[in-house]
Structure formats: structure tokens, C-alpha cells
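Reviewing the structure listed below.
The values are calculated or read from the model by the stated rules, or taken from the named source; none is laboratory data. None of the values given here were measured: they were computed from a predicted structure. Note: ideal-geometry Cβ built from the backbone for every residue, glycine included; neighbour counts use all protein chains shown.
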Amino acid sequence: MRPGRRQRAFSLLEVLIAMGIFFVAVFAILGLVSQNLQIARGLRLGDIDFTSVAAELAMTNRLEEGEMTGDFGDLHPGATWAAVTTLYSSNGLYQVDIAVDWPDNGLLKKKEVSILLYRPDSAMRGRFR
């Protein structure tokens, strides 16, 4: 170094501020990546809903008492559903109990729901005839 000439450099305070800004940005990015991975995992392992079965039954004009079963095909491999239809009232009101089973990480999950459907054109069989 020559006499009379100062060497220019960053001060310790400037380096610490720059490092702080860098780490805040890195942790914010890592938080977003973690959140997106959690959302993607939730989409992949999400619960199978009964609404597609209920919509299929609601589109029919006639209901008959009894049990129906099926699966979701390639949409949800391994998932099955069962629906039990019973006459709820003599005016054409039917109760449909829907149960959906699906495998999730080696466990068998199950969701059950009951809905009422009004179908006055259906054959009135059963106890309310």
C-alpha cells in the first residue's frame, strides 16, 4: 500500500445490513416453497367427496329402494362408494345414505352422509305405501 492512499472497503455495519437483507429474502422464499409443497400435497392426498355420487343420483327421475355400489374409476383408483335408498315419506321423499371409502397412506378412510331426494314419480314401495 502506498503512503497517503486509503484503501476503500465496506464497513462491518454495511456487511451486516446486507447479510440481514439477504437472509430475510431467503427465508421468505423458503416459506413460500414450503407452503406450495404443502398445498400440492393436500391436493394429491385430498379427501374424496360424496358430491359426485349425490349428483348422479339427483339427476335420475326415479329412485328405487335398495343398495347401489360403484367406484370412481381412474379418477380415484381404489375408492368405492355405496348408496342405500329408502322411502322416507309417502309423498315421494327418499333418504339416500352414501358411504365413500378410499385408501390413504395405507389406511382406509371413510365418509358417510345422508341426503333427501324428492322423486314423486318413483314407485312407492315399502312401509309408507
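Just a few scattered comments:
- When ASP74, ASP49, ASP97 are screened for being loosely packed, with under 10 Cβ neighbours inside 10 Å and either under 25 Å from the mean Cα position of the chain (by Cα) or on the phi > 0 side of the Ramachandran plot (or both), only ASP74 passes.
A quick yes/no check of all residues on (1) without any contact (Cβ under 8 Å) to a residue 12 or more places away in the chain; (2) touching a Phe, Trp or Tyr at 6+ places or on another chain (Cβ under 7 Å); (3) of a type in the set (A, V, I, L, M, F, W, C):
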| residue | (1), (2), (3) |
| --- | --- |
| ASN91 | no, no, no |
| ASP101 | no, no, no |
| LEU108 | yes, no, yes |
| LEU117 | no, yes, yes |
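- When the stretch 55-69 is filtered for residues that are surrounded by 12 or more Cβ atoms within 10 Å (Cβ to Cβ) and modelled with pLDDT of 85 or more, the ones remaining, listed by number, are GLU65, MET68.
- Here the condition is being assigned by TED's automatic domain parsing to the domain that holds GLU112, farther than 26 Å from ARG119 by Cβ and of a type in the set (A, V, I, L, M, F, W, C); of ALA28, ALA58, ALA79, it holds for ALA79 alone.
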